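Note sheet for the following structure.
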């Protein structure tokens, strides 16, 4: 699951976690899969493999330089990956569901073992190694009971959908969307994103386009886009049923109760942007963003 961020991924994760056949990761965002210097970059590099410039087979000097450069880049990302696992993602000073980091769901000894094996296996085949690592990480988390689905909610999962699909061909993708104006208003209350509404427009434009581009390469049957406003306000039951149908699941009493009591119009805070950021400059910038996205058929 993913989205722009502040688009409903956490509450959707909480909803799904109520179903007996679904388990969300602990913490609900493991972060090391899709984020910068994470597992996907360790496997595929900073840029997509198929976008790299090709070198003629007879240009031996250029090929040698490329191999050396790739080894150096890989070593750098590997070092960053290990550093971020233990210094950024293992212990996060935040309340649940994001804190206290990876330690909330797996023992340090088990994670150390999986990482050491991963680094060894990467020398053999990177995709196989990452797939093996992720499968064993999922099954090693404390709440593992052979549920049908394991859900991870880092927003960048959608922008990285094509790469995730290479690791897990049967993966399904839930793309959470929300009125971009409300996303921006929510972002401005955090200390990790844009600091002004106009900066928020640039931030969300990039995320929306990256997500849309990635999902173009995912089969229709493997993805669903859900608007938070539809789930919480406009078309509640229809949207809820479409989610169950997408996952091929029967309804759950616990999930239905959470939906009725927690996923409400009030909780969605729809329209907050009108009171918080609706300056003439912002509205003009948003109108331009709409034009640009429509031109891209988004």
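Answer with yes or no whether residue 231 is part of a helix (DSSP H, G or I), under 22 Å from the mean Cα position of the chain (by Cα) and at pLDDT below 95.
Values: part of a helix (DSSP H, G or I): yes; under 22 Å from the mean Cα position of the chain (by Cα): yes; at pLDDT below 95: no.
Against the criterion (part of a helix (DSSP H, G or I), under 22 Å from the mean Cα position of the chain (by Cα) and at pLDDT below 95), residue 231 does not qualify.
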* Restricting the search to the range 186-200, which residues are under 16 Å from residue 289 (Cβ atoms), touching a helix residue (DSSP H, G or I) at 6+ places or on another chain (Cβ under 6 Å) and assigned to a loop (DSSP other than H, G, I, E, B)? -> 194
* Does any residue of the range 242-264 turn out to be over 28 Å from residue 188 (Cα atoms), touching a strand residue (DSSP E or B) at 6+ places or on another chain (Cβ under 6 Å) and at pLDDT 95 or above? -> yes
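Before we move on, is residue 224 outside any loop (DSSP other than H, G, I, E, B) and touching a helix residue (DSSP H, G or I) at 6+ places or on another chain (Cβ under 6 Å)?
Details: outside any loop (DSSP other than H, G, I, E, B): yes; touching a helix residue (DSSP H, G or I) at 6+ places or on another chain (Cβ under 6 Å): yes.
In short, yes.
In the range 201-221, what count of residues is obtained for those that are closer than 25 Å to residue 247 by Cβ and not in a loop (DSSP other than H, G, I, E, B)? Spell out how you get there, then give the answer.
Step one: of the range 201-221, the residues closer than 25 Å to residue 247 by Cβ are 207-208, 210-221.
So of that shortlist, the ones also not in a loop (DSSP other than H, G, I, E, B) come out as 207-208, 210-215, 220-221.
Counting residues in the range 201-221 that are closer than 25 Å to residue 247 by Cβ and not in a loop (DSSP other than H, G, I, E, B) gives 10.
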* Does the range 124-147 contain at least one residue that is within 17 Å of residue 206 (Cα to Cα), more than 19 Å from the chain's Cα centre (by Cα) and touching a residue at least 60 places away in the same chain (Cβ under 8 Å)? -> no
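Okay, residues lined up against (1) buried (at least 17 other Cβ atoms within 10 Å of the Cβ); (2) under 23 Å from residue 238 (Cβ atoms); (3) within 15 Å of the chain's Cα centre (by Cα):
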residue: 189; (1), (2), (3): no, no, no
residue: 199; (1), (2), (3): no, no, no
residue: 203; (1), (2), (3): yes, no, no
residue: 210; (1), (2), (3): no, no, yes
residue: 216; (1), (2), (3): no, no, no
residue: 220; (1), (2), (3): no, yes, no
residue: 224; (1), (2), (3): yes, yes, yes
* **Near pairs, Cβ below 9 angstrom, 6+ apart or cross-chain, from the range 252-279 (at positive phi) to any residue that is surrounded by fewer than 18 Cβ atoms within 10 Å (Cβ to Cβ)** => 271/179
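The values are calculated or read from the model by the stated rules, or taken from the named source; none is laboratory data. These numbers were taken from a predicted model, which means no experiment stands behind them. So basically every Cβ, Gly included, is an ideal-geometry build from the backbone, and we count neighbours across all protein chains shown.
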